[in-house]
Amino acid sequence: MLFWIVATALVGVTALLFGLAMLRRRAGRGTARQDLRVYRDQLSEVDRDVARGLLSGDEAERTRIEVSRRMLDADRRAQADAPGGAAPRGVSLAAFGAVLAVLASSVVAYLGLGAPDYPDQPLAGRLAAAEDLYSSRPAQEEAERRAAEARRPAPAADPGYLELMEKLRATVAERPDDETGLALLARNEMALGNYHAGWQAQQRLIAAKGARAEAEDYARLGANMTAAAGGLVTQEAEAAFATALEKDPKNGQARYYMGLMLAQNGRGDRAFDLWDALLREGPADAPWQVSIRQNIRALAWLAGEEDYQPPSAPGPSQEDMAAVQALPEAERAQMIRGMVEGLGDRLAREGGTVEDWARLISALRVLGETDRAARIADEAHQTFAADPQALHRIDAALSTPAGTVTAPQQEATP
């Protein structure tokens, strides 16, 4: 009963404060509306994190309350910056209604995901729950069965390719210890979406190699098993990754999947440590880098790193920059443009730190593309709307003088 009294009071106070703020709201509403859109997107991201298993019901509820608080802060800043003039009554009431809807949906979501009758759970209880989740994972066979039921049918493959696959299977059946044939079979079965056959072929390859099997062989086996299980790292897959790390503690693929396993089982704090280290070590083109950059901030929050910024991707070396300086002007401009386009593509695909965004904006202004730099600055403002220091950094980059192309200074990277 006490929980509901406190929860109702918090919801009521939050709604009242936001309502009062909306009644006092003045001109300059464009920026405030933009901030509100960003925070609504963050609320949607919370729901996606819950669906992916990165946030529990309690954690998701705390996040929603924090985002609502930031919505209030954004409104206060808009009032301080505005020259005057009250907002239309209809708009204020509409925004107030939207906040009430968000608060109401949070309560409904908590009723479905949370446990309001439970007392506060201490750290030991949360660790015990994570351990129970970890130990109760379905076995590989059961996980594959569930994944197969939910998986969409694979698109039809080229008939000629399928004919070659039949020949490859027949050849491997005749020569079961042929390592080259087994490696080809494992890769191509995975490419066709035959995940069970793919990891079994990889397992046979390891058996054929015996003591010569390397860390990468076991890491690939675990990855194939995880794909067959619909993305769940089962106990059998974990054992394969553990063997890979015994053979090579720095194996990136095994470390990535071990972090994924921790995140799936309530230990996002430990997953953050593994994934942050992988980001810092590189390489930037490793296949797991994109997935890590898409999820690392949510894990950072779980680990208590509220102001975390992922490290920049490794940039060109000093030797590379010296080589650029030595080129003729036309070739130098072409190479610099290639670097700028590469950075822009990476930020569009993976996102990046505020330093990455600022570097791109500055480089575009140096190249004379001031309009494009302004558009990217607007996008960066939306991305870092809740971080005043980041916004200041973006604005500073936007003031870079437009001029002649020169080789940019190499910035230190982590």
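Measuring with a 1.4 angstrom probe and ignoring ligands and nucleic acids, Ser399 comes out at about 80 Å² accessible. Normalised per residue, the accessible area of region 216-276 is 35 Å², obtained with a 1.4 Å probe and no contribution from ligands, DNA or RNA.
Of the two radii for region 123-266, the radius of gyration is 1.03 times the Kirkwood radius, both from the alpha carbons; that is the Rg over Rh value.
Accessible area ranking (1.4 Å probe, heavy atoms, ligands and nucleic acids excluded), largest first, for Lys167, Lys209: Lys167, Lys209. The share of accessible area on region 146-261 that comes from carbon and sulfur is 53 percent, using a 1.4 angstrom probe.
The values are calculated or read from the model by the stated rules, or taken from the named source; none is laboratory data. Worth saying up front: this structure is predicted, and the values here are computed from it rather than measured. Quick note on the areas: whole protein, heavy atoms, side chains included, nothing else; ligands and nucleic acids left out. Shrake-Rupley method; radii C 1.70, N 1.55, O 1.52, S 1.80 Å.
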